[in-house]
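The values are calculated or read from the model by the stated rules, or taken from the named source; none is laboratory data. Remember, it's a predicted structure, so these values are computed and weren't measured experimentally. When we count neighbours, we look across all protein chains shown, and the Cβ atoms used for this are built from the backbone with ideal geometry, even at glycine. SASA here: full protein model, heavy atoms, side chains in, ligands and nucleic acids out. Shrake-Rupley method; radii C 1.70, N 1.55, O 1.52, S 1.80 Å.
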Amino acid sequence: MQLGLHALGIGAGADRAVIDAVASCADGCGFATLWAGEHVVMVDRPASHYPYSDDGVIAVPAQADWLDPMVALAFAAAASSRITIATGVLLLPEHNPVVVAKQAASLDRLSGGRLTLGVGVGWSKEEFAALSVPFEHRAARTAEYVAAMRTLWRDDVASFDGKFVGFDSIRVNPKPVRDRRIPIMLGGNSDSALRRVASWGDGWYGFNLEDVAAVRDCVDKLERWCAEGGRDRAELRLAVALRNPREGDVDVLAELGVDELVLVESPPERSDAVAGWVAALADRWIRNRG
């Protein structure tokens with residue numbers, strides 16, 4: 001079982017010195033992945049329901065600094081050498097997939113093949129409206145965008161003819177480091193999200209799940225839907241973040257086939273306090289497990 005850290009891009013985690021310190025220290029302390037999420041737009045009084053809390057309200061204040069995750073992770077990659085970097089998650093249907101393919105391959109190349117692209121379909125109607133992107137059919141748009149990006153990464157001269165995106169005989173370079181692929185993990189805890197994972201994802205990032213029982217329920221569904229689609233569930237990489245994780249959860253999650261427990265934490269505001277903060281997390285979650 002690996003441990004990840006979702007701590008970059010928001011609030012104190014949007015400070016350059018803090019990003020450098022977190023990346024360097026987490027790299028040295030044995031964390032597996034640094035995660036950074038995305039919202040291009042926040043509003044003061046959203047009508048949209050946030051799916052990862054009981055009250056339907058996101059905990060991040062609308063006025064908080066929230067960096068673009070690709071930019072934040074580029075700085076994290078530059079300040080580290082081993083730890084993988086992951087978007088958790090990029091709201092793919094809000095973006096041009098040709099541009100995202102270029103950005104992701106560039107970051108993967110510069111980081112030495114350390115990028116995992118976590119993507120989600122989004123939940124905020126206000127955000128989609130501000131970006132002039134239709135909220136409807138966003139799941140189908142996401143699936144098609146991923147197929148188009150995989151085509152761009154794979155083929156020297158790429159063509160794609162879809163409902164939402166199309167291009168003919170174009171070159172997009174550089175190519176990703178690992179066999180011209182970037183792992184794509186899908187966010188979302190709903191049945192529809194898990195069906196997408198089983199159908200065409202490389203993995204699942206379950207966010208803010210209540211407890212290990214909720215994880216077990218999701219994994220059981222993934223097992224069933226992978227079997228129905230002729231896939232081996234073991235081929236998927238599973239990462240989960242719990243609302244209130246306990247040390248005893250690690251062994252249970254490992255038995256369920258989860259690969260990574262992601263700790264969602266806010267870093268200190270002062271960069272000189274980061275080393276002690278990361279070391280304390282490592283002592284609790286990594287070193288004490290032997």
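Taking only pairs six or more apart or across chains, which ones have beta-carbon atoms under 7 Å, a first residue in the range 234-257 that is within 16 Å of residue 218 (Cβ to Cβ), and a second residue that is at pLDDT below 95 and open to solvent by 50 Å² or more (accessible area, probe 1.4 Å)?
The qualifying pairs are 253/1; 254/1.
So residue 24 passes all but one of these: (1) in contact with a Gly (Cβ under 8 Å, 6 or more places away or on another chain); (2) farther than 18 Å from residue 207 by Cβ; (3) of a type in the set (S, T, N, Q). Which condition number does it fail?
Condition not satisfied by residue 24: (1).
For the range 143-166, which residues satisfy the criterion of being part of a strand (DSSP E or B), in contact with a helix residue (DSSP H, G or I) (Cβ under 9 Å, 6 or more places away or on another chain) and farther than 14 Å from residue 102 by Cα? Please lay out each step first, then the result.
Going through the range 143-166, the residues part of a strand (DSSP E or B) turn out to be 158-161, 166.
With in contact with a helix residue (DSSP H, G or I) (Cβ under 9 Å, 6 or more places away or on another chain) added as a condition, the list becomes 158-160, 166.
159, 160, 166 - these are the residues of the range 143-166 that are part of a strand (DSSP E or B), in contact with a helix residue (DSSP H, G or I) (Cβ under 9 Å, 6 or more places away or on another chain) and farther than 14 Å from residue 102 by Cα.
In the range 131-142, is there at least one residue being under 26 Å from residue 77 (Cα atoms), touching a helix residue (DSSP H, G or I) at 6+ places or on another chain (Cβ under 6 Å) and open to solvent by 40 Å² or more (accessible area, probe 1.4 Å)?
Within the range 131-142, not a single residue is under 26 Å from residue 77 (Cα atoms), touching a helix residue (DSSP H, G or I) at 6+ places or on another chain (Cβ under 6 Å) and open to solvent by 40 Å² or more (accessible area, probe 1.4 Å).
Any residue in the range 120-137 that's on the phi > 0 side of the Ramachandran plot: show its pairings with residues that are of a type in the set (Phe, Trp, Tyr) and open to solvent by less than 30 Å² (accessible area, probe 1.4 Å) at Cβ separation under 8 Å, as long as the two are six or more apart or on different chains.
The qualifying pairs are 122/128.
Are any residues in the range 67-76 surrounded by fewer than 22 Cβ atoms within 10 Å (Cβ to Cβ), out of contact with any Gly (no Cβ under 6 Å at 6 or more places or on another chain) and in contact (Cβ under 8 Å) with a residue 24 or more places away in the chain, and if so, which ones? Don't jump to the end; show me each part of the working.
Let us first name the residues in the range 67-76 that are surrounded by fewer than 22 Cβ atoms within 10 Å (Cβ to Cβ), namely 67-68, 70-71, 74-75.
Remaining after also requiring out of contact with any Gly (no Cβ under 6 Å at 6 or more places or on another chain): 68, 70-71, 74-75.
Correct list: 68, 70, 74, 75.
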